[in-house]
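So the structure is just underneath, and the comments pick up after that.
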Amino acid sequence: MKNILVIGATSAIAEQTIRLYAQQGARLYLVARDVEKLETIAADARVRGAADVKIQTLDVNDFATHETVIEQAFATLGQIDVVLMAHGTLPDQAACEQSVELTLKELNTNALSTISLLTLCANRLQTQGSGTLAVISSVAGDRGRQSNYVYGAAKGMVSIFLQGLRNRLFAHGVNVLDIKPGFVDTPMTAAFKKGPLWAKPQQIAQSIVTAVEKGKHTLYTPFFWRWIMLIIRNIPETIFKRLKL
């Protein structure tokens, strides 16, 4: 039986991933800000076969509460097999360009809060000597683009942090998985026009569960984003700065 901690459990991708783990009979500890949504997702997980489900509220920007929440999760579950971090926001790039305060707030939510929680969980898993840290970053972190560079910078920071963490934890039996979705049709992207490159949360969730099982270190999902971002990363800067991306 797997013990799964999910932070940002009310996000669309996390919710679908929780359903898959529930169907496997996992024990779940779900953390998010909205208690009503948490209760709904927990009830659904129980119906789908989860062995046990506990919930905990957390505002990820309240850094002072991070350690207590992580301690409670590990105390409740004991050994944790998978920690999935799935919280985040999609900043208004134009608004961030006009506001240092808003930019820093978005960096707190999308990068620094994740790094804080990762540090606490990594230390626990290192002591445990097993487990997987799976973190949803984004293809946006692969290269700064004018359309979303505040979001991209935050996700890029997380990915670099994960690289170092993976290097550190490998010798302790802990895997670190960087999950890089492309365009996903979720409530956060409801205002965007959808096209053939867009994926459903269910598709992303299945790829996450599979990647964790296989012990992968980086997951571009859907798979074709690996090749799209390879091209984007290798466009010479003299050309790239002229593009409207």
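For the stretch 1-48, filtered to residues that are of a type in the set (Val, Ile, Thr) and in a helix (DSSP H, G or I), the residue that is farthest from Ser116 (Cα to Cα) is Val47. For Glu71, the test of being more than 20 Å from Gly215 (Cα to Cα), of a type in the set (D, E, K, R) and crowded, with 23+ Cβ neighbours inside 10 Å is failed. Each residue in the stretch 25-47 was checked for being more than 19 Å from the chain's Cα centre (by Cα) and exposed (fewer than 15 other Cβ atoms within 10 Å of the Cβ), and 8 pass.
Residue by residue, here is whether (1) at negative phi; (2) of a type in the set (Gly, Ala, Ser) holds:
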site	(1), (2)
Ile7	yes, no
Ile13	yes, no
Gly49	no, yes
His66	yes, no
Leu84	yes, no
Leu90	yes, no
Ala95	yes, yes
Ser99	yes, yes
Asn108	yes, no
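Going through the stretch 167-196 one residue at a time, which ones are modelled with pLDDT under 95 and either touching a Pro at 6+ places or on another chain (Cβ under 8 Å) or aromatic (Phe, Trp, Tyr) (or both)? Matches in the stretch 167-196: Gly182, Phe183, Val184, Asp185, Thr186, Phe192. Quick check on the stretch 159-172. Is at least one of its residues among the polar types (S, T, N, Q), touching a residue at least 24 places away in the same chain (Cβ under 8 Å) and not in a loop (DSSP other than H, G, I, E, B)? No; the residues of the stretch 159-172 include none that is among the polar types (S, T, N, Q), touching a residue at least 24 places away in the same chain (Cβ under 8 Å) and not in a loop (DSSP other than H, G, I, E, B).
When Ser130 is tested against (1) modelled with pLDDT under 95; (2) out of contact with any helix residue (DSSP H, G or I) (no Cβ under 6 Å at 6 or more places or on another chain), only condition (1) is not met. Residue-level check: of (1) closer than 30 Å to Ser147 by Cβ; (2) among the polar types (S, T, N, Q); (3) in contact (Cβ under 8 Å) with a residue 12 or more places away in the chain, Thr76 misses just (1).
The values are calculated or read from the model by the stated rules, or taken from the named source; none is laboratory data. Since we're looking at a predicted model, the values are computed, not measured. Glycine gets a Cβ as well: all are built from the backbone with ideal geometry, and neighbour counts include every protein chain shown.
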